[in-house]
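A quick write-up on the structure given underneath.
The values are calculated or read from the model by the stated rules, or taken from the named source; none is laboratory data. In this text, all values refer to a predicted model and were calculated from it rather than measured experimentally. Every residue, glycine as well, gets a Cβ built from its backbone with ideal geometry; the counts of neighbours run over all protein chains shown.
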Amino acid sequence: MTKFLSWGGWDMDGRGPTIWDTFCHAKGRVFEDHTGDVACNSYQLWEEDLKCIQQLGLTHYRLSISWSRLLPDGTTNHLNPKGDPGKIALLYHMDLPQAIQDLGRWSSTEIADIFESYARFCFKIFGDRVMLWITLNEPYICAKLGHEDGTFDFTLDWFACPSRSLDLGYKQGSRLPFFSKDEPSPLGTADFFALNYYTSRKVKDLNGVSKKNELSFVGDQGTEGVVDPSWPICGVHWLAIVPDGLRKLLKYIQDTYTSLPIYITENGFSQMGPVQIEIADCSHFYQDTLQEVGKGTVIGYFTLLFAVKHTQSELHNTMKKKSC
């Protein structure tokens, strides 16, 4: 269950504002000035959510900890006693405390120390109740929001390679900073591989020499992703249903990166507009997806349940229903 997308209670019980509160409360930034103030209201309806979990017979629940609810100004200098968060907990889901944004956001030289303090505080308070910790949700999306997905080597390696090798070997490596000797090495520190999967793309060579030569993300990538016309579209224009793409991605990860246990930490079925679940379509989607998952070596599978998702990457009316 993700925080801003689902929790609501944005100003209740001492929670500090996040970057998304600031963004959505600014007039004209989001279609019809929608906000995440209420969302699914899981902050107040958590007992009903737990009943749903029990009825579904789920064995694990992935919960995101709200940084600004636990630490209103983003630092351990000010604690919120009502900020209690799951067997699997996520530390950050794109809801940076506004106070940290004001300090210089993720590009600040202080952010590593601030985030470490936040993480250590969470480990200390909730460590006896959490089995697995996830650090950042979809760091690629967070860093490159608004850019189209590209090829595996160019995108997935940015975050998977540091767990096994510091040598990316691509053009962007010449423009990225290197780890200094006094910085801790991430090599070999991952305990499992967490994968969020929704769709796939076919890849073709980038048309136009000018784009290939320009100093940009697209130019460095050198390719563009395209949707196969035979793939059904699910809810939003970019979300093509490609279950066998997940199987191929799992094989790629297993062959390329690691022998670590793999968890699929996000997957789901999407709908636009009024919440009218097409049970047949939804059931068919999960049946096909789980059949493909079963062909790989996966320890756990999580779908986004109960949630109508306020989509960050769209500034117009996009609501997504993520489960049957």
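Being surrounded by 18 or more Cβ atoms within 10 Å (Cβ to Cβ) and among the β-branched types (Val, Ile, Thr) is the filter here, so list the residues in region 89-129 that pass it.
Ile100, Ile114
Report, ordered by the first and then the second residue, all pairs with beta carbons closer than 9 Å, sequence separation of six or more or different chains, a first member in region 91-102 that is under 17 Å from Leu79 (Cα atoms), and a second member that is acidic (Asp, Glu).
Qualifying pairs under 9 Å: Pro97/Asp73; Gln98/Asp21; Gln98/Asp73; Ala99/Asp73; Ile100/Asp73; Ile100/Glu110.
Given the residues Ser230, Ser259, Ser200, which is the only one that is over 21 Å from Leu136 (Cβ atoms), at pLDDT 90 or above and surrounded by fewer than 13 Cβ atoms within 10 Å (Cβ to Cβ)?
The conditions single out Ser230.
Return the residues of region 59-82 that are of a type outside the set (Val, Ile, Thr), out of contact with any Pro (no Cβ under 9 Å at 6 or more places or on another chain) and surrounded by 13 or more Cβ atoms within 10 Å (Cβ to Cβ); say none if nothing qualifies.
Answer for region 59-82, where residues must be of a type outside the set (Val, Ile, Thr), out of contact with any Pro (no Cβ under 9 Å at 6 or more places or on another chain) and surrounded by 13 or more Cβ atoms within 10 Å (Cβ to Cβ): His60, Tyr61, Arg62.
Would you please list the contacts, defined by Cβ atoms under 8 Å and residues six or more apart or on different chains, that run from a residue in region 119-137 that is under 17 Å from Gly300 (Cβ atoms) to a residue that is small (Gly, Ala, Ser) and part of a strand (DSSP E or B)?
Note: pairs meeting the criteria are Val130/Ala89; Leu132/Ala89; Trp133/Ala89; Ile134/Ala89; Ile134/Ala194; Asn137/Ser64.
In region 233-247, which residues are surrounded by 16 or more Cβ atoms within 10 Å (Cβ to Cβ) and either in contact with a Pro (Cβ under 9 Å, 6 or more places away or on another chain) or of a type outside the set (Phe, Trp, Tyr) (or both)?
Cys234, Gly235, Val236, Leu239, Ala240, Ile241, Val242, Pro243, Gly245, Leu246, Arg247
Sort out for me the helices (runs of 4 or more DSSP H) sitting completely within region 95-190 that have 2 or more residues that are at pLDDT 85 or above and closer than 26 Å to Ile262 by Cβ.
Counting at least 2 such residues, we get 111-126.
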